[in-house]
Structure formats: C-alpha cells, structure tokens
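Just below is one structure, and these are the notes that go with it.
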Amino acid sequence: MMQINDPILTVDRVSKRFDVSAPWLNRVLEGKPRLLVNAVNEVSFTIARGSCFSIVGESGCGKSTVARLVTGLYATSGGDIRFGRGAEGRPVRVQMIFQDPHSSLNPRWRIGDIIAEPIREMKLRRNEAETNSRVEELLQTVGLAADDARKFPHEFSGGQRQRISIARALACEPELLVCDEPTSALDVSVQAQILNLMRRLQQELGLTYLFISHDLSVVRHMSDMIAVMYLGRIVEMAPVESLFNQPLHPYSQLLLNTIPDIHAPKRARCVDNGEPPSPLNPPSGCAFHPRCALATDACREAVPPLRDLSDGHKAACLLAG
C-alpha cells in the first residue's frame, strides 16, 4: 500500500561513465589509451512526494545526465535507482519535459495526435471519443484551446509548444515529472508563465518534480530542496531558503554571487579563480580546490564526503561548518 511519507524516488550512489575513446584501430596504431568520463559520480538523494527537488550547476556538471538516468534513457554504471509506489499500488509513472520545445515535438503530427499517443499506447481511455475528450481537457488545462488539437507544432510560439509538451507529459497521468531545463529556450516573460503553470499543476494534481536548471532564480521559485553539482558530484544539498541564506560550499557561494541584485548592484563579490577542469582529467581530492581560495593540502588529497551539518543542510567541504 502506498505511504504518503515514502519517497517517490531514491537515487543511491549512482554513477555513469561514458567511453569517449578513439576507435579501437586508432588506439592500436597510434598507441592511444582508452578514455572514460565519469559524468556522474556516486550521486545520492531522495525526493519526497509532492515536492520539487532541483539540481543546479554549470554546464557539464552532470545534472542532465542524472535526469536521463532517472528516466531510463541511460543505463547506470553503478548504484541503484528505486521508485516508490504509484496510485492503486502500480509502479510510479515518470515523464520528461525536454529543454527544447521545438525539437521534442514531431513536426509531421498534429498536436492532438502528439498528446493522444501515450493515452492510446497505455489504453488509458476505453474508446477514441474518450481519448479526444481527454486531449481537449489537457489542452485547456495548460491554457490552450481545444481547437489547437488540429494544428501542427510550427503554428505555435515557443511558449505554446512548451505548454503542449507539458500536456503530452500529463497525458499518461504521471506522478513524477523530470524537467530538464524546461524554460531555458524561452523568453523571460514566457518563462514566468510556464513556471507559474507548473506550480499550479503541481498543487492541483499532486505532482512531484525533479527539476534541472542552471538558473538559480528559477530554482528558488520552484524548489523545496536543491542539490548543487560540480564535476559529477553533489557538493551541497539543502532546503531552498537555507541554501540561499547561508550557502556552505565555496562553489555554491560562487554561483549565488552570479545572481544580479538590483538593490545592491555594487555589492562585494567573491572572485572566480579560473575555469572548470576537464572531466577527462579531474583534479585529485576535492574537484573544486583549483578554483577555491580557501583550499588546503587536505582538500587536494581526499574527496570530502557529503556531511549533514544542520537540519538537512549537507555540504561536501572539509572547511564547511
């Protein structure tokens, strides 16, 4: 029987390695070694039902890879991903909202067929009339007209296409939505509309979100918990206000200093020391130590564990706390 307090998703020490080596013959003739990239390295977290868990970080930190691992688009190289129970004891239904609302919709299909496809495949309605009625209901739920079902994707704006993507994701009645930067390709004004729509749907339908973004202002608006990733590892994890009010990891402090503040445009900021290292040749110990002004010899020797420092606020830093 489903328990309300049970986590809907548990990610336990999950890793993902990609083989980026040259072809075998080139390696033999040129003496090149095999190259493996640890895109995700022993990542662990849980998501409570009805909440929004966000992962933030720079491009290449591994956050989108985590999203694809959760949805099964990638197989894990290590660790375990476990889902809770869905409605009526069935497995949890997971759907994904992709970053680009243009390329994620089939340009040759009408909108009605795009939204109806999961309903038909999963036999969620008894006949075609009920399926069409459900499509019209979903279009109205996301703020579009029922007549839009007869149109093609190119007839809509970017924000409208993302609403269609949300309607398609809702068509199979999921409990968990994995949102991979769903507003990054949209204008700022349209971003606000989509985010407000997602918040409303979460409250009305009891949805749970795994939200991937590099935009900290978006994350603050959406999230209950935030995990900060750097070079494949979670370096800090905390409730949203705790992270924004008192970041403990130097990398989190660096990210928060990039947020513009109209009330203090000339405030003092910490200086960014260098660029992220290559994932092909990560530094020893704490991966952030080449850019950290506080790094010690101990930081260069051992990977710091993600420690619980106060009220669910965790940080992987030897100097935090």
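The values are calculated or read from the model by the stated rules, or taken from the named source; none is laboratory data. On a predicted model such as this, the values are computed, not experimentally measured, just so you know. Every residue, glycine among them, receives a Cβ derived from its backbone with ideal geometry; neighbour counts consider all protein chains shown.
For the reader, a short list of remarks on this structure follows.
- Identity of the residue in the stretch 222-237, at negative phi and assigned to a loop (DSSP other than H, G, I, E, B), that ends up surrounded by the fewest Cβ atoms within 10 Å (Cβ to Cβ): Asp224
- Number of residues in the stretch 20-53 that are of a type outside the set (Lys, Arg) and more than 23 Å from Val303 (Cα to Cα) equals 18.
- The set of residues from the stretch 238-251 being farther than 13 Å from Leu319 by Cβ and buried (at least 23 other Cβ atoms within 10 Å of the Cβ) comprises Ala238, Leu243.
- Among the conditions (1) at pLDDT 90 or above; (2) of a type in the set (A, V, I, L, M, F, W, C); (3) in contact with a helix residue (DSSP H, G or I) (Cβ under 8 Å, 6 or more places away or on another chain), the only one that Ala293 does not satisfy is (1).
- Residue in the stretch 21-37 that is among the hydroxyl-bearing types (Ser, Thr, Tyr) and at pLDDT 95 or above present: no
- Summed over the stretch 194-219, the residues that are crowded, with 17+ Cβ neighbours inside 10 Å and assigned to a helix (DSSP H, G or I) give a count of 9.
- Selection within the stretch 156-192: residues that are among the polar types (S, T, N, Q) and at pLDDT 90 or above. The member of this set that is surrounded by the fewest Cβ atoms within 10 Å (Cβ to Cβ) is Ser157.
Here's the yes/no breakdown for (1) closer than 14 Å to Val11 by Cβ; (2) assigned by TED's automatic domain parsing to the domain that holds Thr258:
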| position | (1), (2) |
| --- | --- |
| Ile55 | yes, yes |
| Ser59 | no, yes |
| Asp80 | yes, yes |
| Glu121 | no, no |
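- Odd one out for Glu88 among (1) out of contact with any Gly (no Cβ under 7 Å at 6 or more places or on another chain); (2) of a type outside the set (A, V, I, L, M); (3) outside the structural domain of Gly72 (by TED's automatic domain parsing): (3)
- Sole exception among (1) touching a residue at least 12 places away in the same chain (Cβ under 8 Å); (2) small (Gly, Ala, Ser); (3) over 21 Å from Tyr209 (Cα atoms) for Gly159, by number: (3)
- Candidates in the stretch 16-57 are the residues that are surrounded by fewer than 18 Cβ atoms within 10 Å (Cβ to Cβ), small (Gly, Ala, Ser) and under 22 Å from Asn281 (Cβ atoms); of these, the one that is nearest to the chain's Cα centre (by Cα) is Ser21.
- Close pairs from the stretch 63-74: first in the same structural domain as Asp12 (by TED's automatic domain parsing) and surrounded by fewer than 21 Cβ atoms within 10 Å (Cβ to Cβ), partner assigned to a helix (DSSP H, G or I) and among the hydroxyl-bearing types (Ser, Thr, Tyr), Cβ under 8 Å, at least 6 apart: Tyr74/Thr65
- Residue check for Gln160: within 23 Å of the chain's Cα centre (by Cα) and more than 19 Å from Leu176 (Cα to Cα): yes
- Residue satisfying all of: in the stretch 71-126; under 24 Å from the mean Cα position of the chain (by Cα) and of a type in the set (Asp, Glu); modelled with the lowest pLDDT among these: Asp100
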